[in-house]
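Contents: one structure, followed by commentary.
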Amino acid sequence: MTAPKAQKPLIKRKPTAVHAGGLAPEGALSREAWKIFQIMAEFVEGFEALAQIRPSVSIFGSARIAPDHPYFALAEDIARKLSDAGFSVVSGGGPGIMEAANKGAYAGPSPSVGLNIRLPHEQAGNAYQDIRLTFQHFFARKVMFVKYATAYVVMPGGFGTLDEMMEILTLIQTGKSRRIPIILVHTPFWTGLVEWFRTALLRDGVISDTDLDLFVMLDRPEDVIDTIFRYYELSGFEPSEEEKEIQLNL
C-alpha cells in the first residue's frame, strides 16, 4: 500500500509581475494602479459634461482635410443644419472634418462639442467648441462618442474614421449599444468599401445580410437630416428604458 502524498501547505504569495527584461521595475505597478484613477476621471468628466447635450449627433472624418476642400464645406453644412434642427454636434475637436463639424454647429443654436485627444501630431483643438473635453485615452473618448449619440455621421476619412465606424457597427451588431442611424456621407468615397463588405465579408459568411442594413450611404445634407428624423419619427429621441440599460452597461 502506498502512503498518501503529503499535502503542500497553502502559502499565500504575492504575484510577481514580469516584463520583457525580467521582473517589473520598482514602482511600475503603483504607476499602473494610479493610471486607473486618471481613466476614471476622464469617464466622470465626460459623463457630467455630455449627459445634458441630448439629442446629439457624432460626426467623424479626416483631420487632413483642408478648409477649401469640398468635404469640409459638406461637413460644415451638415453640422449647421443639425444644429438648426436642435441637435448638439459632437466631433473629435481637431482640424479637418472635425473643425468643419464644430464650425457649422458653432454657427447654429445648439452646442458644438469637441472631444479632443492628446496626440504627438495632427491633433490641435479648433476654435469652434462650446464644450471642450480633452482625453488621454482613445477608449474613454470612444465611449463618449457612442454613449449619448442619436446618430453617427461618417464623412470621408482614414484609419481613425474607419476605427470609429467599425466600433459603432460592432457595438450595434453585438447588441452592446442601442440601434441608431449610421450615415456614410459621399457615396463615391464609400462605395468600394461597402462593395467589399458584400463580395468578401458577406460571401464568406463572416457577416449577415442584416448587418448591411446597419448603415446607409447618402450625399446631400438635407437627406442626412431627414433620415435621422424619419428613424425617430415613431419612437422619439429619448431612449427607452431597455435602451437606457444597454447604454448604462456599454
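The values are calculated or read from the model by the stated rules, or taken from the named source; none is laboratory data. Every value quoted in this text rests on a predicted model; they were computed, and no experiment measured them. When we count neighbours, we look across all protein chains shown, and the Cβ atoms used for this are built from the backbone with ideal geometry, even at glycine. The accessibility values were calculated without ligands, DNA or RNA, using every heavy atom of the protein model including side chains. Shrake-Rupley method; radii C 1.70, N 1.55, O 1.52, S 1.80 Å.
When 233, 222 are checked against the criterion of being in contact (Cβ under 8 Å) with a residue 12 or more places away in the chain, surrounded by fewer than 18 Cβ atoms within 10 Å (Cβ to Cβ) and of a type in the set (Asp, Glu), a single residue qualifies: 222. Here 103, 81 are screened, and the one residue that is touching a Phe, Trp or Tyr at 6+ places or on another chain (Cβ under 7 Å), basic (Lys, Arg) and at pLDDT 95 or above is 103. Does residue 173 satisfy the condition of being surrounded by fewer than 23 Cβ atoms within 10 Å (Cβ to Cβ), polar (S, T, N, Q), farther than 18 Å from residue 48 by Cα and modelled with pLDDT of 95 or more? For residue 173, the condition - surrounded by fewer than 23 Cβ atoms within 10 Å (Cβ to Cβ), polar (S, T, N, Q), farther than 18 Å from residue 48 by Cα and modelled with pLDDT of 95 or more - is met.
When segment 220-250 is limited to residues that are of a type in the set (Asp, Glu) and modelled with pLDDT under 95, the one that is farthest from the chain's Cα centre (by Cα) turns out to be 233.
Could you check, for segment 34-57, whether at least one of its residues is basic (Lys, Arg), in contact with a strand residue (DSSP E or B) (Cβ under 7 Å, 6 or more places away or on another chain), modelled with pLDDT under 95 and over 21 Å from residue 227 (Cα atoms)? The answer is no; no qualifying residue exists. Taken together, the residues in segment 199-223 that are of a type outside the set (Asp, Glu) and not in a helix (DSSP H, G or I) amount to 10. For residue 93, the conditions (1) on the phi < 0 side of the Ramachandran plot; (2) touching a residue at least 24 places away in the same chain (Cβ under 8 Å) are fulfilled apart from (1).
Before we move on, is residue 141 open to solvent by less than 30 Å² (accessible area, probe 1.4 Å) and not small (Gly, Ala, Ser)? Criteria met by residue 141. Within segment 178-219, the residues that satisfy the criterion of being open to solvent by 40 Å² or more (accessible area, probe 1.4 Å), among the charged types (D, E, K, R) and under 23 Å from the mean Cα position of the chain (by Cα) are 179, 213, 219. Scanning segment 86-104 for residues that are crowded, with 24+ Cβ neighbours inside 10 Å, farther than 16 Å from residue 117 by Cα and of a type outside the set (Gly, Ala, Ser) yields 87, 89. For segment 67-80, a residue qualifies if it is open to solvent by less than 40 Å² (accessible area, probe 1.4 Å) and free of Cβ contacts under 8 Å to residues at least 40 places away in the same chain, and the qualifying residues are 72, 79. Quick check, is residue 29 in a loop (DSSP other than H, G, I, E, B), modelled with pLDDT under 90 and among the aliphatic types (A, V, I, L, M)? So residue 29 does not fit the description; no.
Report yes if some residue within segment 150-157 is surrounded by fewer than 19 Cβ atoms within 10 Å (Cβ to Cβ) and out of contact with any Cys (no Cβ under 7 Å at 6 or more places or on another chain); otherwise report no. So far as segment 150-157 goes, no, none of its residues is surrounded by fewer than 19 Cβ atoms within 10 Å (Cβ to Cβ) and out of contact with any Cys (no Cβ under 7 Å at 6 or more places or on another chain).
Among the residues of segment 105-121, those that are within 27 Å of residue 38 (Cα to Cα) and either open to solvent by less than 10 Å² (accessible area, probe 1.4 Å) or in contact (Cβ under 8 Å) with a residue 12 or more places away in the chain (or both) comprise 111, 112, 113, 114, 115, 116, 117, 118.
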